[in-house]
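The values are calculated or read from the model by the stated rules, or taken from the named source; none is laboratory data. These figures come from a predicted structure and were not determined experimentally. Glycine also receives a Cβ, built like all others from the backbone with ideal geometry; neighbour counts cover every protein chain displayed.
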Amino acid sequence: MPKFLSEEQVKFYKDNGFIKLENIFSKQEFDKFSDEYDDLFRAKKNDQLEAVWQGNDMKELAKNKPVTVLSIHNLQFHSAAFTRVLMNDRLLDALEDIMGTPNVLLHHTKAHLKPPEKGAPYLMHQDYPYFPFEKHSMVAVFIHMDDTSPENGGLAVYPGSHKLGPLESHTVSKDGEDYHYVDKDKWPLSGATPVLAKRGEVVVFSYLLLHGSYLNTSKDRVRRMFLIQLMSAEDEPAEDKHRSYGQGMVLRGRNSKWDASLRGRFMK
């Protein structure tokens with residue numbers, strides 16, 4: 001029996017590859033989290049945080065306008081506020097139900113901030129090419145820091161696309177960074193389903209789910225998000241790539257595979 005979600009919610013996730021959750025955070029918890037998030041971005045220099053995808057397809061999606069998205073990784077190493085989010089019991093109960101395991105490990109965290117009028121879009125993609133795992137247990141926890149819609153650069157998904165497994169991806173490489181996305185004609189952002197969400201709502205999705213996001217065209221609505229990537233302790237990387245600080249941290253349960261022979265895999 002599910003621990004936190006209903007059986008209907010678990011089925012929805014299995015059928016669609018994503019689910020939106022409410023009431024994970026109390027207002028007091030989320031207000032503190034949001035304030036710490038803003039303080040962290042204010043303390044950083046914007047020119048060091050740029051995370052816009054490169055390539056002609058990306059420029060076309062952005063309508064050849066100058067766009068930007070600011071990004072910070074591994075936020076739990078900046079403030080305990082983000083560690084408290086990782087350890088939220090309601091969130092971890094829901095993840096047990098979704099992932100089908102009591103043993104949940106951290107892969108990495110990041111935050112993206114899309115400013116009004118020029119917040120960059122993202123082409124439809126799977127997260128799989130960035131960090132493939134043998135059993136595909138990897139999920140993303142997408143925490144909406146603001147009310148979000150297509151107008152201010154919200155998330156879009158192709159429900160059920162996770163059932164297709166890993167798809168062929170196009171790769172653009174620049175300055176040591178690779179950007180992976182699927183055929184933009186077969187899987188256009190315009191054909192995806194928008195995810196409308198309120199401040200504090202959480203979307204959990206499989207790393208095989210096709211997802212992207214819109215250009216922030218609003219006049220005064222920022223789109224902030226905090227993302228957590230997690231995997232089952234029973235799973236293993238299919239390739240040795242995308243090592244992150246704190247990768248392998250046990251958030252729930254145990255990791256019986258952690259020993260001297262595996263430490264190098266999970267440490268940068």
Item checked: Of residues in the stretch 60-84 being touching a Pro at 6+ places or on another chain (Cβ under 7 Å) and among the aliphatic types (A, V, I, L, M), the one nearest to Arg221 (Cα to Cα) -> Ala62
Next item on the list: Quick one: count up the residues across the stretch 180-228 that are touching a helix residue (DSSP H, G or I) at 6+ places or on another chain (Cβ under 6 Å) and farther than 24 Å from Lys65 by Cα.
Entry: 7
Check: Only one of Lys44, Lys65 is at pLDDT below 95 and within 30 Å of Ser26 (Cα to Cα); which?
Finding: Lys44
Margin query: Please return the ranges of strands (runs of 3 or more DSSP E) entirely within the stretch 156-268 where 1 or more residues are touching a residue at least 12 places away in the same chain (Cβ under 8 Å) and of a type in the set (Asp, Glu).
Written below: 177-181
Checklist line | Count - residues of the stretch 22-31 that are surrounded by fewer than 19 Cβ atoms within 10 Å (Cβ to Cβ), within 26 Å of Pro159 (Cα to Cα) and at pLDDT 95 or above | finding: 1
